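S.K.: Just passing along the structure, written as structure tokens.
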Amino acid sequence: MKTLAAILVEVGKPLVLTELEIPQLKPGQVLVEVAFSGVCHTQLLECRGHRGEDRFLPHCLGHEGTGNVLETGAGVSKVKVGDRAVLSWIKGSGADVPGSVYRWQDRSVNAGAITTFSRHAVISENRLTGLPDNISMTDGAFVGCALPTGLGAVFNTARPSPGQSLAVFGAGGVGLCAILGASIAGCAPVIAVDVRDSRLEQALKMGATCAINSGTADPVEQINKLCPSGLDFAIEASGRPAVMMQALHSVRSQGGAAVIVGNAHHGEMVELDPKQLNQGKRLLGTWGGDSFPDRDYPRYFNLIASGRLDVSLMRSSVYPLEQINEALEDLETGKSSRPVVSML
């Protein structure tokens, strides 16, 4: 069986759209007909060569999406043929199968435990979560990465109490989800920081109570005017080391916490003044918002179904697979905060 896929052949070059021969399933693997895939900034960094040496070229890409289960390998019990599923890079329960090798003419094409930039994909069982019937395939795609990372950074890592202050630095897909999470958690104020007015406008629609354009004003100074004692929490979702330090500088002494979510370019470093930590501030990391699919994804589904989590506001652009390179360019330039690729 063959499938149409967008593969990375050379970093810094457009993805190549081609047909791949799908390998036989190993025990613990699942063949999925992909419906929608999100386009994440991490994937963009990989395409542009900003994640260091790529030893697996050529290879498939994509790590969040939705689809229908077509076939299951030996031992799979988490999903069955005909099920709708969320595809996520974050590991849940089930078999953990490292990846597959597809065939492209006379070449091998590598794939990890999950890839979604194709019409069909072989996925490890532990990267699948059943998708309830009352959640659309398009909304469900965000549950693969953006929602658990952004919401989880608030719910699982920061854990604010109602009334505590929180700012999100970087209003892309993950940052917007963090803003949604802060609003649901009852934070006040909820401050959005970005260099693009269009993103700040979107952030205000999604729960931010005020917005700061860091391209025209010092965000730490502006935050200090709004919260003279400093923030309780800051979520950094820009991937820029300088912004990571702005997040730390903006939180209060004796207990304030900055949560670093964004991925920096390979080789970039953070310069840290130890006095910031001597003041009792906390600098926290997070892995996918510390979300665990079996525990957290049902909660996210319920928030979407109840209307408390309107992810349709994030769906700025939907592209066919044939326009995957345009989707990547629009993400890079900020034209789209979280592109969605339709395989239908």
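The values are calculated or read from the model by the stated rules, or taken from the named source; none is laboratory data. Source: prediction; values computed, not measured. Counting neighbours? That spans all protein chains shown, and the Cβs are built from the backbone with ideal geometry, glycine included. Heads up: the accessible areas ignore ligands, DNA and RNA and are worked out on the full protein's heavy atoms, side chains in. Shrake-Rupley method; radii C 1.70, N 1.55, O 1.52, S 1.80 Å.
S.K.: For region 102-199, what are Rg and Dmax over the alpha carbons, in angstrom?
M.R.: In order Rg, Dmax, the Cα atoms of region 102-199 give 17.8, 60 Å.
S.K.: Need the list of lysines near LYS275 for cross-linking: C-alpha distance under 23 angstrom, and skip anything on the same chain fewer than eight residues off.
M.R.: In chain and number order, the partners are LYS225.
S.K.: Moving on. List the equivalent ellipsoid semi-axes of the chain in whole Å, largest first, each obtained as the square root of 5λ for an eigenvalue λ of the Cα gyration tensor.
M.R.: Working from the Cα gyration tensor, I get semi-axes of 35, 21, 18 Å.
S.K.: Do me a favour and compute the ellipsoid semi-axes for region 49-90 from its Cα gyration tensor, root of five times each eigenvalue, largest one first, whole Å.
M.R.: Ellipsoid half-lengths, sorted descending, are 28, 12, 9 Å.
S.K.: Keeping every protein chain present and rolling a 1.4 Å probe, give me the accessible area per residue for the chain in Å².
M.R.: Heavy-atom accessible area per residue stands at 41 Å².
S.K.: For region 75-158, max minus min Cα coordinate along each principal axis, in Å, sorted largest first?
M.R.: Computed over region 75-158, the largest-to-smallest principal extents equal 48, 29, 26 Å.
S.K.: Once you list every other residue whose beta carbon is under 13 Å from the beta carbon of VAL193, what net charge do they have if Lys and Arg are +1 and Asp and Glu are -1?
M.R.: -2
S.K.: Now, a different point. How high is the relative contact order of the chain? Use alpha-carbon pairs under 8 Å, at least six apart in sequence, and give a whole percent.
M.R.: Computed over the chain, the figure is 18 percent.
S.K.: Another question, then. Given 4 °C and 1.567 mPa s, how large is the Stokes-Einstein diffusion coefficient of region 13-105 in µm²/s, with Rh as the Kirkwood radius over Cα pairs?
M.R.: Value of D from the Cα-based Kirkwood radius: 87 µm²/s.
S.K.: Counting only Cα atoms, I'd like the Rg/Rh figure for region 139-295, Kirkwood definition for Rh.
M.R.: Reported Rg/Rh, Kirkwood definition of Rh: 0.94.
S.K.: Separate question: Quick check on region 227-338: what does the Kirkwood estimate of hydrodynamic radius come out to from the alpha carbon pairs, in Å?
M.R.: Value: 16.8 Å, from the Cα pair sum.
S.K.: Among CYS40, CYS60, CYS227, which one shows the biggest mean-square fluctuation in a GNM of the chain, springs joining Cα atoms closer than 10 Å?
M.R.: It is CYS227.
S.K.: With a 1.4 Å probe and all protein chains left in place, how much of the accessible area of the chain comes from carbon and sulfur atoms, in whole percent?
M.R.: For the chain, the apolar C and S fraction of the accessible surface comes to 48 percent.
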